[in-house]
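To start, the structure under review is shown below, and the notes come after it.
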Amino acid sequence: MSNVAEIKLGEKSVSLPIVVGTEGEHAIDIAKLRSQTGYITLDDGYGNTGSCESAITFIDGEKGILRYRGIPIEELAQKSTFIETAYLIIYGNLPNHQQLRQFSDLLTRHELLHEDMKFHFQGFPAKAHPMAILSSMINACGCFSPTLLETESIPDFDIQAARLISQVRTIASFSYRKSRGLPMNYPKPTYKYTANLLHMMFSSPYEEVELNPEVVKALDLIFLLHADHEQNCSTSTVRMVASSRANLFASCSAGVCALWGPLHGGANQAVLEMLGEIHQSGDDGTRFIAAAKDKSSGKRLMGFGHRVYKNHDPRAKIIKAQCDRVLDTLHINDPLLDIAKRLEEATLNDSYFVERKLYPNVDFYSGIIMRALGIPLEMFTVMFAIGRMPGWIANYKEIMEEKETRIYRPRQIYTGSTVRGYIPIEER
Ligand code: ACO
């Protein structure tokens, strides 16, 4: 196959290079299209646009494949942990014993927030959404690391990355405790990453949280499955901000804001809200499904569909199995879970969903697990953000290590008024 694409625009013809990825994906490099023809490409929602070349995560949405640094998600879910996977995503290879120990030590050493950060928490109203607190606090954390803001390169990258991964968990638990008026719990260096988060969220001064291994494993798996997902909305946001040479904390804080929306990370919260709404209205799901198929209702079946996966979400299969194990272990009998199962079954046989290839995504099940674990609804998207941190950091690193990074700056097709004069206010 030729390595150029010939594009004919009226009488004019241009040759544009074809770029081929390591998995055989083909792209037309249109960087010179405008200078050679005056045309730009228009791709609403970027569904057909490659914004960068990246060596971190591979997805084949048609086949339902997800790999971090080449390793299938199924294998990582079975054999790895969130922290080992975080190392793989950020540094490109699985760590050996020594590398893993050093990475864990760095996480432990940087898990405490600067004590003055506590005053920041006090400034938020009790009902503040923890995603707002998380994004503000991540940015605030950057202020306590002056070298981070001084230079254009990534100073002490290993330390900054470890601080962010470790402290995002401390911020998350502090924001939860603050919202409930509970005393803050400091991290315990003897606990591993996910157990430590559960301790900080749920231990009380008079009673340590009981750490059920199946519960710890389920949450660790949720983090691992969310650790990266190539150029989704929040990761693209991180890259966009990083391309202006903003620092790591500012870039990832922007990623948190992008993740918050209900069509992205906020979907796990939206799933449970939807199940609650169905339950309260006495519906068994049938009426809601009918509404989701009716565009004028403005409703969607939350936790269904995916921009990239048009066959199945490989993460959904893994997490569904873990979901069943957790519910069994904790002997949970929950009417919302019954509704969730009914929705899943009904849509599998409904031509609207089948034709549009709309299947449950990872967030359909992660919300159900988190509810079973006693994690409050408003913290669901925060858990997603904790999991996604390694992916954002790896994308930040990749962009900073590129020899020639241009600031991200898409173009547009203008559809507003053509030129017109200014009318003085008295004459309007
Ligand atoms: N319920 C009902 N109909 C849907 C749904 C849904 N959840 N998702 C898509 N559709 C329909 C659309 O109305 C459209 O129908 P049409 O062809 O008749 O116009 C068709 O399916 C294609 O939908 P798009 O909006 O073009 O799909 P897109 O790829 O842009 O959106 C998205 C993907 C945002 C995930 C969408 O499926 C959705 O809103 N799902 C619910 C929210 C959700 O679960 N988000 C989590 C995503 S996963 C994650 O972030 C980890």
> Which percent of the Cα-Cα distances in the stretch 1-157 go past 28 Å?
Replying inline: 53
> How large is the dipole of the chain about the Cα centre if only Lys and Arg carry +1 and Asp and Glu carry -1, each at its Cβ, rounded to the nearest 20 debye?
Replying inline: 560
> If you build a Gaussian network model of the chain, linking Cα atoms that sit under 10 Å apart, which residue out of 282, 92, 64 swings the most?
Replying inline: 282
> Which entries in the list 357/403; 79/317; 32/295; 79/178 go over 28 Å, if you measure between the two C-alpha atoms of each?
Replying inline: 357/403; 32/295; 79/178
>> Placing +1 on the Cβ of each Lys and Arg and -1 on the Cβ of each Asp and Glu in the stretch 183-269, which of 190, 250, 227 has its Cα farthest towards the positive end of the resulting dipole?
In response: 250
>> List the GluC sites (Glu not before Pro) within the stretch 128-221 that DSSP assigns to loop and that have no more than 10 neighbouring Cβ atoms inside 10 Å.
In response: 152, 210
> Looking at the square roots a ≥ b ≥ c of the eigenvalues of the Cα gyration tensor of the stretch 339-414, which shape do they give, rounded for a/c under 1.5, prolate if a/b is larger than b/c, or oblate?
Replying inline: oblate
> For the stretch 345-398 and the stretch 65-79, what is the separation of their Cα centres, given in Å?
Replying inline: 17
> With labels modelled as points extended 7 Å from the Cα through the Cβ direction, what inter-label distance (nm, one decimal) is found for residue 217 paired with residue 52?
Replying inline: 3.5
> How much mean residue ellipticity at 222 nm does the chain get from its helices, if each DSSP H run of length 4 or more adds -39500 (n - 2.57) and you divide by all residues, to the nearest 500 deg cm²/dmol?
Replying inline: -16000 deg cm²/dmol
> Tell me, what is the FRET efficiency for residue 324 and residue 423 to the nearest 0.05, using R0 = 45 angstrom and their Cβ-Cβ distance as r?
Replying inline: 0.10
> Considering only protein heavy atoms, what per residue accessible area in square angstrom results for the stretch 107-213 with a 1.4 angstrom probe?
Replying inline: 48
>> Kirkwood hydrodynamic radius, the stretch 206-277, all distinct C-alpha pairs: what's the number in Å?
In response: 14.5
>> How charged is the neighbourhood of residue 18? Take every other residue with its Cβ under 14 Å from the Cβ of residue 18, and add Lys/Arg as +1 and Asp/Glu as -1.
In response: -3
> Sorted by mean Cβ packing within 10 Å, highest first, what order do the peptides 404-415, 44-55, 161-172 take?
Replying inline: 161-172, 44-55, 404-415
> Which of rounded, prolate, oblate describes the stretch 51-117, given a ≥ b ≥ c as roots of the alpha-carbon gyration tensor eigenvalues and a/c under 1.5 marking rounded, otherwise prolate only if a/b is larger than b/c?
Replying inline: prolate
> What residues qualify as long-range amide H neighbours of residue 5, i.e. H under 5 Å apart, gap of 5 or more or another chain, H built at 1.01 Å from N?
Replying inline: 16, 18
>> Tell me the relative contact order for the chain as a rounded percent, counting alpha carbon contacts under 8 Å between residues six or more apart.
In response: 20
>> If packing is taken as the average number of other Cβ atoms within 10 Å across a peptide's residues, how do 29-35, 391-397 rank, most packed first?
In response: 391-397, 29-35
> Of all accessible surface on the chain at a 1.4 Å probe, what whole percent is carbon and sulfur?
Replying inline: 52
> With every protein chain left in place, what is the accessible area per residue of the stretch 20-72 in square angstrom, probe 1.4 Å?
Replying inline: 68
> Short version: ³J(HN,Hα) in whole Hz for each residue of the stretch 274-284, in order, from phi by Karplus 6.51 cos²θ - 1.76 cosθ + 1.60 (θ = phi - 60°), x for Gly and Pro, what are they?
Replying inline: 5, 4, x, 4, 4, 5, 5, 7, x, 7, 9
> Which one of 160, 362, 407 is farthest out on the positive end of the charge dipole of the chain, using unit charges on Cβ (Lys, Arg +1; Asp, Glu -1) and the Cα centre as origin?
Replying inline: 407
>> Under the rule of at least 5 residues apart or a separate chain, name every residue whose amide H is placed under 5 Å from the amide H of residue 69.
In response: 57, 58
> Could you give the radius of gyration (one decimal) and Dmax (whole number) of the Cα atoms in the chain, in Å?
Replying inline: 23.3, 80
>> How would the stretch 258-389 be classified by its alpha-carbon gyration tensor: rounded, prolate or oblate, with rounded meaning a/c under 1.5 and the a/b versus b/c comparison settling the rest?
In response: rounded
> In sequence order, what are the phi-derived ³J(HN,Hα) couplings for the stretch 98-113 according to the Karplus relation 6.51 cos²θ - 1.76 cosθ + 1.60 with θ = phi - 60°, rounded to whole Hz, with x for glycine and proline?
Replying inline: 5, 5, 5, 5, 4, 5, 4, 4, 4, 4, 5, 5, 10, 7, 7, 7
>> In the chain, if the dipole is taken from +1 on Lys/Arg beta carbons and -1 on Asp/Glu beta carbons about the Cα centre, which of 266, 216, 377 is farthest to the positive end?
In response: 266
>> Within 10 Å of each candidate Cβ there may be at most 12 other Cβ atoms; applying that plus a DSSP loop requirement, which chymotrypsin sites (Phe, Trp or Tyr not before Pro) in the stretch 227-332 survive?
In response: none
> Which log10 I(q)/I(0) values, to two decimals, does the stretch 70-161 give at q = 0.12 Å⁻¹ under the Debye formula with one point per Cα?
Replying inline: -0.56
>> Give me a comma-separated list of calculated 3J(HN,Hα) values for the stretch 303-315, in order, Karplus coefficients 6.51, -1.76, 1.60 applied at θ = phi - 60°, integers in Hz, x for any Gly or Pro.
In response: x, 10, x, 7, 4, 9, 6, 10, 9, 8, 8, x, 6
>> To the nearest 20 Debye, how big is the dipole of the stretch 158-261 about its Cα centre, given +1 on the beta carbon of each Lys and Arg and -1 on that of each Asp and Glu?
In response: 380
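The values are calculated or read from the model by the stated rules, or taken from the named source; none is laboratory data. All values reported here derive from a predicted model rather than from experimental measurement. Cβ sites come from the backbone with ideal geometry, for glycine too, and all protein chains shown count toward neighbours. For the accessible areas, the whole protein counts, side chains as well, though only heavy atoms, and no ligand, DNA or RNA atoms are used. Shrake-Rupley method; radii C 1.70, N 1.55, O 1.52, S 1.80 Å.
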